[in-house]
Amino acid sequence: MNVVRLESGQLLSVVEELTELLTDTVHAGASVGFLAPLDRTAATAWWTQRAASVAAGQLAVWVAQDEGGRVVGTVSLAFADKPNSRHRAEVVKLMVHRDARGQGLGRTLLDTAERAAAAAGITLLHLDTETDSPAERLYRSAGWTRLGAIPDYAASPAGVLRPTTIYFKQLGATALTC
């Protein structure tokens, strides 16, 4: 697998593949913010709107491509925009296509985001995921700390309210230098 960070123009050039990945993820039952069935037009619009955030430096997006160059996974870092929180970022939209699961790609993408965050001076990462989802095993095994669960936080793709678990990971020094 080849993992690359996308600039805004590159994101737009693979928007159809990202659309396929997002719809596959939602239709497989993963809670990533959308309800099923996810319309391709809506998924394409969502990804297209991310390009502005990438261009502004507010969002970093990586894709994993298989040997044929097809996008089979993604992860993003959403950077905080307030002066008192620039030491932290949120891991968002970690997705692996059903055809590529079980090969360690989720761990590779998570490691990529963690290394990039540390290189950018980020010392604290956080994320949320559906409680009792397969993703929780990944985060725990990667050394993330479970903070707690919020009941009825988000609807599953089927529209059922589900709890969400919050995780964090410290990457380095915890104090800000002024």
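The values are calculated or read from the model by the stated rules, or taken from the named source; none is laboratory data. Keep in mind the model is a prediction, meaning the values are calculated, not measured. Neighbour counts run over all protein chains shown; Cβ positions are idealised from the backbone, glycine included.
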Given (1) surrounded by fewer than 16 Cβ atoms within 10 Å (Cβ to Cβ); (2) at pLDDT 95 or above; (3) at negative phi, index of the condition residue 57 fails: (3)
message: Suppose we filter 138, 125 for residues that are within 19 Å of residue 150 (Cα to Cα) and aliphatic (A, V, I, L, M); which single one remains?
response: 125
message: Exactly one condition in (1) in contact with a Leu (Cβ under 8 Å, 6 or more places away or on another chain); (2) farther than 15 Å from residue 2 by Cα; (3) not charged (D, E, K, R) is false for residue 109; which is it?
response: (2)
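Which one of these is more than 17 Å from the chain's Cα centre (by Cα) and either surrounded by 14 or more Cβ atoms within 10 Å (Cβ to Cβ) or among the β-branched types (Val, Ile, Thr) (or both): 157, 151, 163, 83?
Values: 157 fails: more than 17 Å from the chain's Cα centre (by Cα); 151 fails: either surrounded by 14 or more Cβ atoms within 10 Å (Cβ to Cβ) or among the β-branched types (Val, Ile, Thr) (or both); 83 fails: either surrounded by 14 or more Cβ atoms within 10 Å (Cβ to Cβ) or among the β-branched types (Val, Ile, Thr) (or both).
From the options 157, 151, 163, 83, the qualifying one is 163.
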message: Looking at (1) closer than 30 Å to residue 160 by Cβ; (2) over 15 Å from the mean Cα position of the chain (by Cα), which one does residue 118 not meet, given that it meets all the others?
response: (1)
- prompt: Filtering the range 51-98 down to residues that are among the acidic types (Asp, Glu) and not in a strand (DSSP E or B), which residue is farthest from residue 15 (Cα to Cα)?
  reply: 81
field: Which numbered condition residue 23 fails, given (1) in contact (Cβ under 8 Å) with a residue 12 or more places away in the chain; (2) polar (S, T, N, Q); (3) part of a helix (DSSP H, G or I); (4) farther than 24 Å from residue 4 by Cβ
entry: (4)
- line: In the set 154, 135, 116, 158, the lone residue that is touching a residue at least 40 places away in the same chain (Cβ under 8 Å), small (Gly, Ala, Ser), part of a helix (DSSP H, G or I) and closer than 27 Å to residue 37 by Cβ is 135
